[in-house]
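To keep things clear, I will list the structure first and then write my remarks on it.
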Amino acid sequence: MSLLRDHDLARAFDHASHTYDGLTALNPGYRAGLLRSARRLRLPDGGAGLHLLDLGCGTGASTRALLRAAPGARITAVDASAGMLRRALAKPWPARVRFLHLTAEELAKAEEGPFDAVFAAYLFRNVTDPDAVLRTVRTLLRPGGRLAVHEYTLSGSRAHRALWTAVCRGIVIPAGTLTGDRVLYRHLRHSVIAFDTAPAFAERLTRAGLTSVRTVPVAGWQKGIVHTFLAGNGGPTTTRERTQ
């Protein structure tokens with residue numbers, strides 16, 4: 001299967017936006033995992049005085065996690081899918097949260113930022129050029145700023161790949177088919193298999209010039225399938241963390 005990219009992927013998310021929250025709610029630990037990753041940014045003072053970016057915010061689940069992790073911060077949330085953003089905007093938000101219909105590259109050209117931290121959930125395996133997006137993230141982050149990536153990245157073991165395949169075939173794709181979004185959820189399955197393993201993505205972050213790179217597994221059934229990647233824009237040498 002050829003993966004969906006750019007405008008085709010944005011249109012697929014537009015179409016799926018009305019059922020997306022319902023389907024993700026069927027995933028045990030989905031929202032808890034996002035919150036755990038957002039909290040791993042370890043922002044001081046509840047984020048008071050900080051400006052944060054939620055890159056690829058979708059319907060706002062990641063934005064809500066970031067807001068809970070840093071209730072005093074100002075948050076800019078962006079996404080390339082107008083349909084997903086409409087769902088996000090329909091929810092109640094404090095005035096310090098705003099949503100923009102932009103890609104990362106468009107955001108940089110709009111001279112937004114710099115940001116004290118960037119949170120990106122389920123984004124990088126969906127972009128055509130993840131290295132280019134990482135370079136853009138570095139330009140958007142202030143020196144010493146923090147990045148947390150929450151992403152489907154298989155550990156590299158056959159067992160985790162087999163589990164992911166079984167979950168997609170038995171649950172994800174049938175559920176997506178019922179909502180009329182089979183193409184998108186088949187893309188989900190194959191995009192994870194085709195993307196970096198967790199160690200490879202950590203290396204990609206280091207090659208992009210990010211520092212203090214750490215890889216932390218997400219708990220529950222997704223362990224070995226979803227990871228949090230933490231990095232900084234300037235700081236000490238890369239390390240790897242094996243526990244929560």
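Limited to the stretch 1-41, what total is found for residues that are on the phi > 0 side of the Ramachandran plot and out of contact with any helix residue (DSSP H, G or I) (no Cβ under 9 Å at 6 or more places or on another chain)?
1
Checking residue 91 against (1) within 21 Å of residue 210 (Cα to Cα); (2) modelled with pLDDT of 95 or more; (3) among the charged types (D, E, K, R), which test does it fail?
(1)
Scan 180, 176, 145 and give me the residue that is over 24 Å from residue 230 (Cβ atoms), touching a residue at least 24 places away in the same chain (Cβ under 8 Å) and surrounded by 22 or more Cβ atoms within 10 Å (Cβ to Cβ).
Testing whether each residue is over 24 Å from residue 230 (Cβ atoms), touching a residue at least 24 places away in the same chain (Cβ under 8 Å) and surrounded by 22 or more Cβ atoms within 10 Å (Cβ to Cβ) leaves just 176.
Suppose we filter the stretch 1-43 for residues that are small (Gly, Ala, Ser) and more than 21 Å from residue 146 (Cα to Cα); how many remain?
Qualifying residue count for the region: 8.
Among the residues of the stretch 166-184, is there at least one that is closer than 30 Å to residue 111 by Cα and not in a loop (DSSP other than H, G, I, E, B)?
Checked against the condition, which is being closer than 30 Å to residue 111 by Cα and not in a loop (DSSP other than H, G, I, E, B), the stretch 166-184 yields no hits at all.
Give the residues of the stretch 116-155 that are in a loop (DSSP other than H, G, I, E, B), under 13 Å from the mean Cα position of the chain (by Cα) and on the phi < 0 side of the Ramachandran plot, sorted by residue number.
Within the stretch 116-155, 123, 127, 153 qualify.
Any chance you could count how many residues in the stretch 42-95 are touching a helix residue (DSSP H, G or I) at 6+ places or on another chain (Cβ under 7 Å), hydroxyl-bearing (Ser, Thr, Tyr) and free of Cβ contacts under 8 Å to residues at least 60 places away in the same chain?
2
The values are calculated or read from the model by the stated rules, or taken from the named source; none is laboratory data. These numbers were taken from a predicted model, which means no experiment stands behind them. Backbone-built Cβ (ideal geometry, glycine too); neighbour counts: all protein chains shown.
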